[in-house]
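Since every read-out is calculated from the coordinates, none of them should be taken as a lab result. It should be emphasised that the depicted structure is a prediction, and the values quoted were computed from it without experimental measurement. We place every Cβ from the backbone using ideal geometry, glycine too, and count neighbours over all the protein chains shown.
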């Protein structure tokens, strides 16, 4: 597969790519270069599969291209329009598309072609220019989205459980998921004896959501801001064969944040070079898209999940050369599985420094002792890919934006949430600090009860005895490297905050005339901080542990959410976006969304079925379903053969409500304004 050197074979066990259709190849262009992929790919997964794993250079060394560090892309015909910006990691790949990254006009197409012939792995971006990675949707306006009773952020097992529980409580629910698919990362962590397997949980919950018309799923949509009563989301959907981005403010009295965890980055020189990635990213790319750069891998971890990834990768034909673990004598069922596969392991060892090989697409890692400095550096380990796992930090970004609190936990070396938060809001799953699959499932129901102000449910954490399942260790921090080494970053996102260097005074500190050296404080930096930056800074001692929660609240990037309607001057027609994926094909091919208005003064409900006959009750005879409502009108998905009927009937509470079918619905239409004559429109 020369055009996609980083794509695993179709028979790769576990990692064949559940999201892609290999019998439907496609091609598109990025900065003038042809990228090959398959239907189901994102732009990023296709770019990675095609051999590009570096974004560009920053102050000299290259930085890897990852799901958390990818530039925005623009359709080539609209590359100067910020409103057309798309997230590479959430944009579905489409055949024949042509994209540019910021600054691409300054990149010579001939130079790109020559670098491709030389085997370059980089997009060639200048990462020293802030605009290169700036995401315009974080600073633009938003339109008012669908009104609902509860917004749930995160489509993992805890978020899906919360959605089903809320629907059973009679609420209208919008489930927001940044990935193109539901399920999260539960499959990587496996299950304990007596628990439902992750596959069983996911299949059960996905089926329940698909059957419940009061739950609207928004895949490919990232929540970028939150406050009590509202969540701002940015999503991508395909309209007329082209990806279109849309920013909305979803207003709801109840919000559940099931945002999962952020994987901490071990701190050592070269920890963001191309070829270095994290466990969750490696698993996500391989399981969904069959993308795995290189044939050999080296893992450095302080958790047990990395051992499971190593076993899955070995099953897929990847040679795992070694696993180094910062814990002194780790025990786990996953470790025993790895031993059975013949994988070499080294306990009490952390990554010390990484460098790129001179002529090959390989990376070299020098290991260090986790407990003392070795008299001599250990021999470097070389592999095509280094996979890191520095532990888990609950993703409390939105929680802090909304006013929620957190505290530093010295035992786990992470920020833990204070679960009693803003009114109408609650945390669920691993974002709330739960570890086991059983607890994450239970916490989804508990979070709904908390958000509604009802009696809480007991969530019991069932963990294996530490004798058999060693707890996670603290995020590894290596000694300072040589001056010419690549930077050691605190996080794998887009903040680019490097490990601070200790400043040594020239004169002894006891001299009375010598000025004391000012301590460098991460909390004083004049820029927003990601939560992983704060966790790393606290562990390094540059943020006082007692102040970490306050710093997290104050330094998170705030994005204001409007309290009233806002309009976008040239907003594209994105009415198809409001139709959830599970309704695709529900009413046959060619179905269309139409505006309707009740002929009596009544507010319709999302999920109510539409019939051609007022006396019809069977769901199998429905010709449509309500997908959006306003104070006066509504939008409904209709079968192509019945959309021209002037009148239809919406069945609610065992009675039929006559509605007038106005015509095709568009984003410019207001469901809160008159849609036509009649009592319902006055």
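You can think of it this way: the chain between residue 59 and residue 11 has 13.2 nm of extra reach, that is 0.36 nm per residue less the Cα-Cα gap.
Shape verdict for the stretch 168-281, please, from the Cα gyration tensor: rounded (a/c under 1.5), prolate (a/b greater than b/c) or oblate.
oblate
Modelled this way, with points 7 Å down the Cα-to-C-beta line, the labels at residue 554 and residue 23 are 6.0 nm from one another.
When you count the other C-beta atoms within 10 angstrom of each residue and take the mean per peptide, 2-13, 234-245, 148-159 line up highest first as 148-159, 234-245, 2-13. Our estimate of slack between residue 199 and residue 480, defined as 0.36 nm per intervening residue step minus the Cα-Cα distance, is 96.9 nm.
Taken along the Cα-to-beta-carbon direction at a fixed 7 Å, the label points for residue 654 and residue 547 span 6.4 nm.
Here r is the Cβ-Cβ distance between residue 602 and residue 210 and R0 is 30 Å; the resulting FRET efficiency, rounded to 0.05, is 0.60.
Ranked by the mean number of other Cβ atoms within 10 Å per residue, highest first, peptides 381-389, 490-498, 41-49, 206-214 order as 41-49, 381-389, 490-498, 206-214.
By the beta-carbon count within 10 Å of each Cβ, the least crowded to most crowded order of 468, 341, 307, fewest first, is 468, 341, 307. Model label points for residue 98 and residue 586, set 7 angstrom from Cα along the Cα-to-Cβ axis, are 3.8 nm apart. Rg over Rh for the chain works out to 0.98, using Cα positions for both radii and the Kirkwood form for Rh. Gain on full extension, evaluated as 0.36 nm per residue between residue 369 and residue 464 minus their Cα-Cα distance, stands at 31.4 nm. Once a ≥ b ≥ c are taken as the square roots of the eigenvalues of the Cα gyration tensor of the stretch 266-389, is the result rounded (a/c under 1.5), prolate (a/b larger than b/c) or oblate (a/b not larger than b/c)? Oblate, because a/c is 1.5 or more while a/b does not exceed b/c. Averaged over residues, the count of other Cβ atoms within 10 Å places the peptides 178-184, 292-298, 267-273 in the sequence 267-273, 178-184, 292-298, highest first. Against the main long axis of the alpha-carbon atoms of the chain, helix 157-168 sits at an angle near 20°.
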